[in-house]
Amino acid sequence: MSLTEKTAADLLALQAAGAATAADVADAFLAAYRDREPKLRAFVSLDEADVRRQAAAVDAKRAAGQPLGMLAGVPVAVKDVLCTEGVRTTCSSRILADFVPPYDAHVVGRLRAADAVLFGKTNMDEFAMGSSTENSAFRVTRNPWDTARVPGGSSGGSAAAVAGCLAPLALGTDTGGSIRQPAALCGVVGLKPTYGRVSRYGLIAFASSLDQVGPFAHDVTDCALLLEAVAGHDPRDSTCVNEPVPAYTRTLNDPVKGLRIGVPREFFGEGLDAEVEAAVRAALKEYERRGAVLVDVSLPHSKYALAAYYIVAPAEASSNLARFDGMHYGHRTKEKADLVGTVAKSRGEGFGPEVQRRIMIGTYVLSSGYKDAYYVKALKVRRLVKGDFDAAFERCDVIAGPTTPTAAFRAGEKADDPLAMYLSDVYTVSCNLAGLPGLSLPCGFTAAGLPVGLQLLGRPFAEETLFRAARMYEAATDWHARRPAV
């Protein structure tokens, strides 16, 4: 197995044993990038010289006997929605095509403190609005298992980078499934943490009450390692909760005796692909064989979650994206016009069709005469969705089901049908509305060789339980060890 196919834990062990240097690791992944990136198009930008400088600095610290961070010498790709000091941060949008932040996002600063090697900025749906990474202003990212298909979205670049062995770890963001859905379609592990577990400082906002930063990795151990590195209180983000961060990697393999897994009947209805359902039910059978107890639960308001989400999220996006007006930073039209005309032209030229669609939806549902009918009602549904989960967790420890209704679909297949695209998130949005942690891990493949994801949902701040439950299944299977032939 080449260096690029190894996990982050493997790479840390090799460096600690003197069998490889950070420079060796960086060179291996840079070679893979040069070879595979033209096929996958997972990145918006990557500075090879800077990657080598970072790796050399880690090797110098090791040679000098200085203390090293928990991710020393491990490449980590970063979704291009997170600010990086001195490095272009575009949100895959023309309106921010030349924006260079003067500061790091909190999670980027944590990566630097952990001696990780920041390995480029990954492609995404523009402003994180999409489920296929086809809405990027710059390129369409491809699925490493079948380059005619999408990697999911909006964090498709990060998922494809890990699945395609261009980076062992990556950060993404999840507003309605944007980590878990691409993780499922690309056959990797992805975690959306509890709202408030990870600081959003330096994250360019889509929907502030829903957005969370989280990790992608080949396996549960690496996923836990990356969350451990970036989670924790940050006073610069008022929504970041001051909760202790467990040492997730130390308890991963502790037995989960009497694990109760809730299986919602609403997650196995119309629209679920037969092959996806078969793989997920086989995974649940494996849990039973390992001593878990399956419990029937109901989430009766989940059928309204998607509709509520596509009111709440666009409403917040309409407010958050109002700052991009062509006046202070970002794209400004070259056409001469008055103030209103300049703002309208700048936004019209800078935002793509999906972003414009969601801004218009959000502005409409917040407008006079419609706010109570739509936005306020959606907030009430959100509370009902949260209440369903509270009731379900009185009877179980985790909730399990499919991450997505289908495996990866073909590029362009849903591009002209926004509603069909939105349905890709039908099993993921309720987790964001309720602020819960959710994890997707590989649980099989379709007959066409496409990955299937199993989703586990937990109580607030119960990421440790999710990791242990996920590892319990992963230890009995080898889905996570498979790599695509890109």
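Any read-out appearing in this document is the output of simple, stated calculations on the displayed coordinates, not a laboratory observation. Just so it is clear, the structure is predicted and the values come from calculations on it, not from any experiment. In this analysis, Cβ positions are derived from the backbone assuming ideal geometry, glycine residues included, and neighbour counts consider all displayed protein chains.
Tabulated results
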{"quantity": "Sparse-neighbour loop sites [GluC sites (Glu not before Pro); the stretch 352-436; at most 11 other C-beta within 10 Å; DSSP]", "calculated": "394"}
{"quantity": "Out-of-range pairs (alpha-carbon distance over 29 Å; input 6/39; 192/334; 121/303; 39/285)", "calculated": "192/334; 121/303; 39/285"}
{"quantity": "Reachable lysines, given that their alpha-carbon falls under 24 Å from the alpha-carbon of residue 336 and they are not under 8 places away in the same chain", "calculated": "345"}
{"quantity": "Counted charge near residue 301, where neighbours are those whose Cβ lies closer than 11 Å (Asp, Glu -1; Lys, Arg +1)", "calculated": "+3"}
{"quantity": "Selection from 256, 173, 344, by position along the positive dipole direction of the chain (Cβ)", "calculated": "344"}
{"quantity": "Estimated [θ] at 222 nm from DSSP helical runs (n ≥ 4, -39500 (n - 2.57)) normalised by residues in the chain, nearest 500", "calculated": "-11000 deg cm²/dmol"}
{"quantity": "Under 15 Å from the Cα of residue 257 - aspartates and glutamates, other chains or at least 8 residues apart", "calculated": "286, 288, 397, 464"}
{"quantity": "Relative contact order of the chain, pairs being alpha-carbon contacts under 8 Å that are 6 or more residues apart, as %", "calculated": "18 percent"}
{"quantity": "Qualifying aspartates and glutamates (Cα of each under 18 Å from Cα of residue 380; at least 8 residues distant if same chain)", "calculated": "316, 372, 388, 390"}
{"quantity": "Burial ordering of 79, 414, 257, fewest other beta-carbon atoms within 10 Å first", "calculated": "257, 414, 79"}
{"quantity": "Under the span-like rule (Cα at least 15 Å along the axis, Kyte-Doolittle mean at least 1.0), DSSP H helices of the chain", "calculated": "220-230"}
{"quantity": "Gain upon complete extension [residue 113, residue 270; 0.36 nm per residue less C-alpha separation]", "calculated": "51.8 nm"}
{"quantity": "At q = 0.11, 0.14, 0.15 Å⁻¹, base-10 log of I(q)/I(0) for the stretch 3-257 (Debye sum, equal scatterers on each alpha carbon)", "calculated": "-0.51, -0.86, -0.99"}
{"quantity": "The stretch 3-257, dipole about Cα centre (Lys/Arg Cβ +1, Asp/Glu Cβ -1), debye to the nearest 20", "calculated": "140 debye"}
{"quantity": "Residue exposure sequence - 213, 230 - by fewest surrounding Cβ within 10 Å", "calculated": "230, 213"}
{"quantity": "Radius 10 Å from Cβ of residue 200, net charge of other residues (Lys, Arg +1; Asp, Glu -1)", "calculated": "-2"}
{"quantity": "Taking 361, 95, 179 and counting other C-beta atoms within 10 Å, the order from fewest to most", "calculated": "361, 95, 179"}
{"quantity": "Most to least packed among 170-178, 370-378, 192-200 [average Cβ atoms within 10 Å]", "calculated": "170-178, 192-200, 370-378"}
{"quantity": "Cβ-defined net charge surrounding residue 421, 13 Å radius [Lys, Arg +1; Asp, Glu -1]", "calculated": "-3"}
{"quantity": "For the stretch 415-486: rounded, prolate or oblate by the Cα gyration tensor [a/c cutoff 1.5]", "calculated": "oblate"}
{"quantity": "Inter-centroid distance (Cα atoms) of the stretch 438-486 relative to the stretch 5-40, Å", "calculated": "23 Å"}
